[in-house]
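Have a look at the structure below before the remarks.
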Amino acid sequence: MLTLRPALLLFLLTWGGAAAAAEPRLEEFRPRLERVLQETVAPLARDPAVVTAIRRQNEAHAGLSDTAVLDLDKRWRAEVQAGSGALVRSLLEAPVSKLLKERQAGSLGLIAEAFVMDARGLNVGQTNITSDYFQADEAKWQKTYAAGPAATLIDAIAFDESAGTYVSQVSMCIVDPDTGRPIGAITVAVDLAKI
C-alpha cells in the first residue's frame, strides 16, 4: 500500500487529486514564489550578519587558485560521504548558518533549505548539508551573482525526496550595501506545499 507524507498528501489534495499527481508547473507558482523572493529571501540577503560573513569569506578566499577551490569541494564531498568532517562542521556551526536555521525554523516549513555563497561560489553558511561546496558551476550562482546586482532566479520545480514534497529554489544576488557591487548569492528551497 502506498503511503504519503502528510505535506505531500495535503499538496496533492489541494491541487485537485489525480490532476495534481503530475508534476506541478512553475507558472502556477511563479507569483507566490516571487512574493517569497521579495518578502523572505531579500531580507536575508540584506541582513548585516549575512553580508559580513560573505565579506569575510571573500577576503579569506581572495588568493585561492581555481585548483584550491576545487580541492575544497573535493574535501567537502568526502566529508559528506563520511558523514562529517571539520569543513562541514565549521560551516554548519558558523553564526550565519545559525541565523539561516533560525529563519528556517520560523518559516513554518516554507524554507526547506537555505544557503549563502561567496564570490567564488563556495558556501558561506547553510541550513542543511549540501552535496557540494562549490556552486559556481550551477545556475543558482551563475544567474545571480555572475549576472549582476539585481539578478534573481526562480528555478524549476523538483521533487525533494528527503522532504517528500515539491520545491523550487529561489535565488538572488547579494550586494555589498557600501559599494552596490555583488559579493555573493543566496538560495532558498521553497516547499510548495507551504505556499
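The values are calculated or read from the model by the stated rules, or taken from the named source; none is laboratory data. This structure is a prediction, so every number in the text was calculated from the model and none was measured. Glycine gets a Cβ as well: all are built from the backbone with ideal geometry, and neighbour counts include every protein chain shown.
For this structure, a couple of remarks:
- Where Leu122 falls short, out of the listed (1) in contact with a Phe, Trp or Tyr (Cβ under 7 Å, 6 or more places away or on another chain); (2) within 24 Å of Arg35 (Cβ to Cβ): (2)
- Subset of region 52-64 (residues that are more than 19 Å from Gln169 (Cβ to Cβ) and in contact with a strand residue (DSSP E or B) (Cβ under 7 Å, 6 or more places away or on another chain)): Ala53, Arg55, Gln57, Asn58, His61
Residue-by-condition table, conditions (1) more than 13 Å from the chain's Cα centre (by Cα); (2) in a loop (DSSP other than H, G, I, E, B):
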site	(1), (2)
Leu108	yes, yes
Val116	no, no
Ala119	yes, yes
Thr130	no, yes
Asp137	yes, yes
Trp141	no, no
Ile154	no, no
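- Hits in region 176-195 - residues which are touching a residue at least 40 places away in the same chain (Cβ under 8 Å), within 17 Å of Val124 (Cβ to Cβ) and either assigned to a strand (DSSP E or B) or of a type in the set (D, E, K, R) (or both): Asp176, Pro182, Ile183, Gly184, Ala185, Ile186, Thr187, Val188, Ala189
- Single residue of region 65-106 satisfying the filter (in a loop (DSSP other than H, G, I, E, B) and modelled with pLDDT of 95 or more) that is nearest to Lys143 (Cα to Cα): Ser65
- When Gly106 is tested against (1) without any contact (Cβ under 8 Å) to a residue 24 or more places away in the chain; (2) crowded, with 16+ Cβ neighbours inside 10 Å; (3) within 18 Å of Leu44 (Cα to Cα); (4) not basic (Lys, Arg), exactly one condition is not met: (2).
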